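So the structure is just underneath, and the comments pick up after that.
The values are calculated or read from the model by the stated rules, or taken from the named source; none is laboratory data. Because the structure is a prediction, the values reported are computed rather than measured. Methodologically, a virtual Cβ is constructed for each residue, glycine included, from the backbone with ideal geometry; neighbour enumeration extends over all protein chains shown. Only protein heavy atoms, including side chains, enter the accessible area calculation; ligands, DNA and RNA are left aside. Shrake-Rupley method; radii C 1.70, N 1.55, O 1.52, S 1.80 Å.
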Amino acid sequence: LKPFGFKQPRDCFPERLQRGRCVQRVTMDEEYDVIVCGTGLKECILSGLLSVHGKKVLHLDRNNYYGGACASLNLTNLWEKFRPGGATQPPKDWGANRDWNVDLIPKFIMASGDLVKILLKTRVSRYLEWKSCEGTYVYQFQEAGFFSGAKYIHKVPATAQDGLKSPLMGMLEKPRFINFAKFIMEWEDDKPETHQGINPKGHTMKQVYDKFGLQEGTIDFIGHAVALQINDEYLNKACGPTIQKCKLYLNSVMTYGGSPFIYPIYGLGGLPEGFSRLAAIHRGTYMLHKPVDGFEFDAEGKVCGVKSHDENGQTEVAKCKMVICDPSYAGDAKTQVCGRIVRSICILGEPIPHTKNKDGGPATSCQIILPQKQVGRKNDIYVMMVSHAHNIAAKDKYVAIVSTVVETSNPEAELEPAYKLLGKILDRFVDVSEIRLPVDDGSKDSVYVTATYDPTSHFEDTCAEVLKLWKTITGEDLDLTVLPDEDEGEDGASSSAGGGDVHVAYACRPHAPSPSVCRRRPAATSLGRRDLCAQYSCGSGAGAAAPHVAAPAERLTVPSPGHTD
């Protein structure tokens, strides 16, 4: 249990659930404070927080696995989603199901971002282990010289020393870039003397770049690979938000050194699972493989129930005071389409060419950003690669996910510039989905709808949406600056909040998930909970603990409401 950060076995599910002898059957004929539909990360964070604050929560999902749109799938689920019907099967030499946890969306976590703060606030960080991303690259074509070939991708400078060595800038440009980086690091919102005459609300980002005399190529990689803007619209907007994005990136680089991004071992699906465990410990009820047929409303137009049906087709209604759901449960009346995203999951037999780790060997994880100008588009293209080193693929297999906002009638063809960087692709799975946003804030009918996951390469906008929804629902800001004490109750709640029994309910439907066996984890160099806490423990925000080596876990039989490691 120690690699998971548990102090004692009592931190796990109750003993009767550990042995797999009792998985509680729960009916819909009850009344809840909140019903959450969909087990995506946003919905799971909110259900966990509401459960900790004493709300009676029922969490439903039509799928038989956790995560919704941000799930991590094994080979069987991957084939069922993209190639249903059983006409083809995964290659036998790809290994067993348990070796694969393929993300549906490409995201890394900013090491100093809001998601890390939420993980620490709720103590969900104890359920996860992490590894740093080995490098971020930006696409910028450079013609071949007398002694070198043509270059397409370049590592984004992470330190002043990297900046001096980077081929992205000429010798005269590098001092200007270092002055800009120093300006960003010294910037404090409440200290005008650090602003060097820049008004964060009155000056545009283009004016800031002009002040430092930066060239177009430098502006391109700062805006898209450091500030992580998805297009160039930010140039003519107020500079304050972009300065904060740059500062977040540089702070995240200093947290662990070398990379601003971290990634959970066993895939992004562990994030919603962790918050689901938080809710379950605080008496939340979960029902997977459970259809949602619609919502019921009272005479005042407020939601009062969620409709479903059992395996015999009999209608069931669970009463509630509010509903939180993703757009797939809300319908057209509550959401609007604002575009489309294309994502391509590519299985590789070797790392992406020309990507290196800090020791000069082939990278086992990386991010590549193709700025819009470099490929003649209106939006950036993103490539995220993780691998067997993160326990998301079989040995010597790599997973690269390419994504962008759709601009033409042939979405997959828009990804060709990125495909050319990947080397040999063993197989790929392409999905084109709508970008849906809620039409209102939900306060009128108490149906709070989250947006679809954006095309960015991180979860910062996702967390901003969660924090905004939390304030809309509760009327209060979620304070991320106060972390729970070690002697508080489970997962950051006081003992008076009550832990009680864990209510993990499987819907009464065919093929409901059965208790699963967690395989033995191999030793992995990873960032644990103490490492995540280090940057906050001294109050300076700059402390960084060295990664530790996690010992292998014992073989455990644990009933899981969905995908487990």
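General remarks:
- Just one of the numbered conditions (1) of a type outside the set (S, T, Y); (2) surrounded by fewer than 19 Cβ atoms within 10 Å (Cβ to Cβ); (3) more than 21 Å from the chain's Cα centre (by Cα) is not true of D232: (2).
- Residues (farther than 21 Å from D431 by Cβ and open to solvent by 10 Å² or more (accessible area, probe 1.4 Å)) located in region 379-393: H388, A389, N391
- Pairs, first touching a residue at least 60 places away in the same chain (Cβ under 8 Å) and of a type in the set (F, W, Y) in region 66-80, second assigned to a helix (DSSP H, G or I) and open to solvent by 10 Å² or more (accessible area, probe 1.4 Å), C-beta under 6 Å, six or more apart: Y66/E273
- The sole residue among K358, K290 that is part of a loop (DSSP other than H, G, I, E, B), open to solvent by 10 Å² or more (accessible area, probe 1.4 Å) and modelled with pLDDT under 95 is K358.
- Flag if V449 is over 28 Å from L128 (Cβ atoms) and either modelled with pLDDT of 95 or more or of a type in the set (V, I, T) (or both): no
- Single unsatisfied condition, H458 versus (1) within 16 Å of D114 (Cα to Cα); (2) modelled with pLDDT of 95 or more; (3) surrounded by 20 or more Cβ atoms within 10 Å (Cβ to Cβ): (2)
- Residue check for L250: open to solvent by 10 Å² or more (accessible area, probe 1.4 Å), at pLDDT below 95, part of a helix (DSSP H, G or I) and not charged (D, E, K, R): yes
- Inspection of region 45-52 identifies no residue that is of a type in the set (S, T, Y) and without any contact (Cβ under 8 Å) to a residue 24 or more places away in the chain.
- Pick from region 420-439, criterion aliphatic (A, V, I, L, M) and not in a strand (DSSP E or B), ranking: least open to solvent (accessible area, probe 1.4 Å): L422
- Pair list, Cβ under 8 Å, 6 or more apart: region 288-309 residue more than 11 Å from K321 (Cα to Cα), other residue among the aromatic types (F, W, Y): L288/Y65; L288/Y66; L288/Y506; H289/Y506; V292/Y329; K307/F295
- Residue that is closer than 19 Å to Q140 by Cα and β-branched (V, I, T), where the choices are I198, I219: I219
- Taking first residues from region 191-207 that are over 12 Å from C239 (Cα atoms) and partners that are hydrophobic (A, V, I, L, M, F, W, C) and open to solvent by less than 70 Å² (accessible area, probe 1.4 Å), the Cβ contacts under 6 Å between residues at least 6 apart in sequence or on separate chains come to T194/W187.
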